[in-house]
Structure formats: structure tokens, C-alpha cells
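Visitor: Got a structure for you, questions after.
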Amino acid sequence: MDATDDAMIDHLRGNLPEQATIGVAVGLVCGLVYFGLLWRNAQLFVDGRAAAAAAMQIGRLVAAAFILYAVAHLGGVALIGALAGIVLAREILTRRWGPQR
């Protein structure tokens with residue numbers, strides 16, 4: 001990171017509404033990708049491609065951990081917003097792909 005990146009992060013640390021908005025947006029995108037790939041991961045297991053499914057599982061976990069680590073550098077509010085976005089994405093995809101009621 002250079003001085004410009006540090007200045008942007010310092011600006012966001014003091015601005016809680018921006019932190020929350022960025023956190024929710026990042027969390028929603030991350031969650032949609034994460035849970036979308038979880039669905040694909042399950043399909044790989046069903047198709048008997050366990051090695052590919054295991055590799056995808058590890059990749060999903062590492063990517064999510066990295067994104068949450070990066071968001072945590074913006075502040076606690078951003079991290080809580082990101083977690084809320086992930087939960088919202090889970091709810092959206094569960095309603096879309098869940099069992100018929």
C-alpha cells in the first residue's frame with residue numbers, strides 16, 4: 001500500500017455510515033459468490049468429482065477469509081456490515097434455490 005491507500009483507509013475509519021455501506025456491499029457480493037459456488041460445489045460432489053469439489057471448497061474458504069480480513073482493516077462497523085451482507089446473500093439464495101414449499 002502507498003500513502004494514498006493509507007489516506008483512504010484513515011478517511012473511512014472515521015466515517016461509520018460509509019464503513020457500513022461498503023461493508024454490506026462487499027459482504028453481499030462476497031456472499032452471493034460464496035453461496036453460489038457452494039451450490040456448484042454440491043453438484044460436483046453429486047457428480048462424483050470429489051477432488052474438484054474439495055479444491056473449490058478450499059478456494060471458497062480462503063477467498064472469503066481474505067475478503068473479511070481486508071474489510072476488517074476498514075473498521076469494525078465495516079466488518080459487521082460485511083457479515084450482515086453475507087447473511088443477506090445466504091437468505092436471498094436460500095429463498096431462490098431452496099426447497100419448494
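The values are calculated or read from the model by the stated rules, or taken from the named source; none is laboratory data. From a predicted model like this one, the values you see are computed outputs, not experimental measurements. So basically every Cβ, Gly included, is an ideal-geometry build from the backbone, and we count neighbours across all protein chains shown.
Visitor: Would it be correct to say that V62 is under 10 Å from the mean Cα position of the chain (by Cα), assigned to a helix (DSSP H, G or I) and at pLDDT 95 or above? Lay out the reasoning, then the answer.
Guide: Numbers: under 10 Å from the mean Cα position of the chain (by Cα): no; assigned to a helix (DSSP H, G or I): yes; at pLDDT 95 or above: yes.
The answer is no for V62.
Visitor: Among the numbered conditions (1) surrounded by fewer than 17 Cβ atoms within 10 Å (Cβ to Cβ); (2) of a type outside the set (S, T, N, Q); (3) touching a helix residue (DSSP H, G or I) at 6+ places or on another chain (Cβ under 7 Å); (4) touching a residue at least 60 places away in the same chain (Cβ under 8 Å), tell me where G85 comes up short.
Guide: (1)
Visitor: Right, next: Considering (1) under 16 Å from the mean Cα position of the chain (by Cα); (2) at pLDDT 90 or above, say which one W39 fails and leave the rest.
Guide: (2) is the only condition that W39 fails.
Visitor: I've got another one for you. Filter segment 32-60 down to the residues that are within 15 Å of R90 (Cβ to Cβ), surrounded by fewer than 18 Cβ atoms within 10 Å (Cβ to Cβ) and among the hydrophobic types (A, V, I, L, M, F, W, C) and list them by number.
Guide: Hits for segment 32-60 are L32, V33, L37, L38, W39, A42.
Visitor: Does V29 satisfy the criteria of being among the β-branched types (V, I, T), modelled with pLDDT under 95 and surrounded by 11 or more Cβ atoms within 10 Å (Cβ to Cβ)?
Guide: No; evaluated as a whole, the condition is false for this residue.
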